[in-house]
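Here the structure comes first, spelled out in structure tokens, and everything after it is commentary.
The values are calculated or read from the model by the stated rules, or taken from the named source; none is laboratory data. Computed from a predicted structure; not experimentally measured. Note that each Cβ is placed from the backbone with ideal geometry, even for glycine, and that neighbours are counted across all protein chains shown. For accessibility, only protein heavy atoms count, side chains too; no ligands or nucleic acids. Shrake-Rupley method; radii C 1.70, N 1.55, O 1.52, S 1.80 Å.
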Amino acid sequence: MALPQTPTIPEGTTRGSEEFHEALMGIGKELATARKAAHVSEPSEDDLDYLSECEANAELAWEWFRYYERNPKHFLKDCVKIIDKEGQLVPLDIDDPRYKRPQNYFFNIYMRNYFGTGRFRAVVLKARQWGCTTLTKGIELHAMIFSPYHRAFCLADNNDGAEGILEILRDMYDNLPDWIRPATKFDRTTRIRFLGWPEESPLHRIPSGTEHHNKSWMRVETVANVKAGRKWSVRSFTASEVAFYPAHAAKVLGGINQALAKTAGSIGILESTGNGWGGDFYERCERARTGKSPWEFIFIPWFWIGEYRLTAKSKMELDYLRVDFKEFCDHIKAVRYDEVSLSRRERAFAEEHGCTGAQILWYRYTLEDSCNGDDIFMAQEYPAVYSDAFIVEGDAAFSLTALMKQMEGACLGEQYDLRHSEVEIREYLYHRDVRAFDLAEDHQGRVHVWKRPVEGHEYIVAVDPSEGAESYVDEKKEGDNTAIIVGDRTTGEVVARVAGRIVPDQTALLAMGLTYWYNEAVLAPENNAGFGTSIIEIAKDYAYPNTFLQRVTDDSRKSTTYKMGWNTGEKSRHEMFSTARAAVRRCVWKIWDTMLLRELLSMVFKHKPGGKVKVEPTGGSKDDVCLAFVIMARVNHLLGEMEREEPKDERKPLDPKNILY
């Protein structure tokens, strides 16, 4: 869509200068005076001529209004002011050398979409402090001023974030030029509403054929409100620091997206730094990055930000680092990396991303000054590549190195994911006269098979069941997924996975079907009192001969009994996670499943009251598939120990009295 020609500039002024805006406002004041004179009972001919002349002059303001409407970049620079990091009131200039590359990259994608297709949808994964939230508010302010009845909705992670967003918008509004600033009603806690232009503005009287009454508003709420945004139909929606939202945020975002208009002129922006593998923001980034979502993926690495570099005048920083600035930069420029002491990560910055010595020194100082020497936290806050942003904060429960290698292989192995394998499995069971596999239509598609069963191979089917429904106790908490993992003991591969909201009785039938299909695999359901009971009951009904029996030793009675399945209580949780961690570190299992790998990557050690440490997911991730894998790994380990102690063909049958159900 072509930009309009630049209108005539008031004589003796420069576009965007104070004199320029004052001249346009002066037109409005003269017009207001002329209107009053012309509306007396008997206006003179001179009064009417003066009014006609002022109304003609007012058309110049409308020409500039239309120009800024079609040219948001000039509007932001000429009309919008912000408070910068130094506390100075400065124009919102996206050509500022400190932020030019990231802001222009983001803004150009916005212009291409908004003035091309008419809509803009973006998921922004970013390094910190380049003005993303501020630029987003500037874009929304432009839409609110130039689009009649534009309703904007902003979502923040907490009250401080919400107040910060409103303050940014209030600063922008307060410093708009008088001639273009609409009258407003401002509620500091939740909303700002534009009421149209005051009488002294040259835009007060709308020319014939111009449909513009403004009446726009913006509302800001926090994600704590599970019903946020559901009451209105909105034309723009932005969410800040989405990766740090609680687990129920997926429902909130989904509800607001339903309210976001699908027509031209609508805007949707989700932006955040990373916060560990998994969670709703990670899933949205993955879908956008891989083209599975209509939202555009935008990634901003730290070295695009112009101010992230030291200079020869950075005396305090250079004194701390104890380096000669010019000599260090010259060595980096000449690719003499062996002449300077570079970490592996710093060398990658220079070799792969072309970072200068000044940028590397900034990164080195910021790592110590702002991130307390924590490489993982630094990478998360200031990512250089996509995967950096999702490195787990805290003590990772599983080897990140091993899992990242597995992730590369898993992405290549997605061709083995045989979707909708239910038909094939159902036919097999029908011919064997097994009625176990019986999924309702709405549960199809949850079975993912990477390798079909191979004759002679031994398998384990591990099950972590759930209630299979949304949590009805607390709207802010999501119900758990049911998860089933199938492992090939012969080749050491995870060959199938089920994950979804499946009720216990359907889970039991599905698990039994998979065990029969996979050569009558070892069935290892969670046997905690609760949902695992359905699976054990079905196994008993079918007299299934290959259910795993967990040994239970009673030292006081000096007796040993066996319980079907595996208990995931606190006592055995440590054992099973220790086994699974060792298996991941030594790459005992080849994992094709990216969902499982993401959950494993999200698991961290968290310190609890009383000095206890527990393995839990971070970043709002789920852990159901992870727990099924952990059960499978532990059961496989115990089966190996049993086979070494007593080979299968020499094993004596257990006394039924010692088997607990």
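Summary of computed values
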{"item": "Any hit, region 38-53, residues being out of contact with any His (no Cβ under 6 Å at 6 or more places or on another chain), in contact (Cβ under 8 Å) with a residue 24 or more places away in the chain, in a helix (DSSP H, G or I) and surrounded by 20 or more Cβ atoms within 10 Å (Cβ to Cβ)", "result": "no"}
{"item": "Residues that are within 35 Å of the chain's Cα centre (by Cα) and open to solvent by 40 Å² or more (accessible area, probe 1.4 Å), drawn from region 484-508", "result": "Arg501, Val503, Asp505"}
{"item": "Where Tyr68 falls short, out of the listed (1) over 18 Å from Thr133 (Cβ atoms); (2) open to solvent by 20 Å² or more (accessible area, probe 1.4 Å)", "result": "(2)"}
{"item": "Some residue of region 62-73 being closer than 30 Å to Ala288 by Cβ, of a type in the set (D, E, K, R) and without any contact (Cβ under 8 Å) to a residue 40 or more places away in the chain", "result": "yes"}
{"item": "Any chance Phe605 is outside any helix (DSSP H, G or I), surrounded by 13 or more Cβ atoms within 10 Å (Cβ to Cβ) and modelled with pLDDT of 80 or more", "result": "yes"}
{"item": "Residue under evaluation Gly254, criteria (1) over 25 Å from Gln103 (Cα atoms); (2) touching a residue at least 12 places away in the same chain (Cβ under 8 Å), criterion not met", "result": "(2)"}
{"item": "Yes/no for Ser370 being over 13 Å from Leu321 (Cα atoms) and open to solvent by 60 Å² or more (accessible area, probe 1.4 Å)", "result": "yes"}
{"item": "Of residues in region 8-37 being at pLDDT 80 or above, farther than 18 Å from Arg205 by Cα and of a type in the set (Ser, Thr, Tyr), the one most open to solvent (accessible area, probe 1.4 Å)", "result": "Thr14"}
{"item": "Checking Val588 against (1) modelled with pLDDT of 90 or more; (2) part of a helix (DSSP H, G or I); (3) open to solvent by 30 Å² or more (accessible area, probe 1.4 Å), the condition it does not meet", "result": "(2)"}
{"item": "Residue within region 436-459 that is modelled with pLDDT under 80, more than 31 Å from the chain's Cα centre (by Cα) and over 23 Å from Glu520 (Cβ atoms) present", "result": "yes"}
{"item": "Enumeration of residues in region 205-220 that are over 15 Å from Ile180 (Cβ atoms) and at pLDDT 75 or above", "result": "Lys215, Trp217, Met218, Arg219, Val220"}
{"item": "Residue check for Glu346: open to solvent by 60 Å² or more (accessible area, probe 1.4 Å) and either out of contact with any strand residue (DSSP E or B) (no Cβ under 7 Å at 6 or more places or on another chain) or outside any loop (DSSP other than H, G, I, E, B) (or both)", "result": "no"}
{"item": "Residue among Val242, Val223 that alone is crowded, with 20+ Cβ neighbours inside 10 Å and modelled with pLDDT of 90 or more", "result": "Val242"}
{"item": "Selection from region 250-262 of residues that are farther than 28 Å from Ser147 by Cβ and either under 12 Å from the mean Cα position of the chain (by Cα) or buried (at least 21 other Cβ atoms within 10 Å of the Cβ) (or both)", "result": "Ala250"}
{"item": "Test for Asp174: is it open to solvent by 50 Å² or more (accessible area, probe 1.4 Å), of a type outside the set (S, T, N, Q) and modelled with pLDDT of 85 or more", "result": "yes"}
{"item": "Answer residue from region 264-323, given it is open to solvent by 30 Å² or more (accessible area, probe 1.4 Å) and among the β-branched types (Val, Ile, Thr) and is farthest from the chain's Cα centre (by Cα) among those", "result": "Val323"}
{"item": "Strands (runs of 3 or more DSSP E) completely within region 79-142 that count 1 or more residues being without any contact (Cβ under 8 Å) to a residue 12 or more places away in the chain", "result": "89-91"}
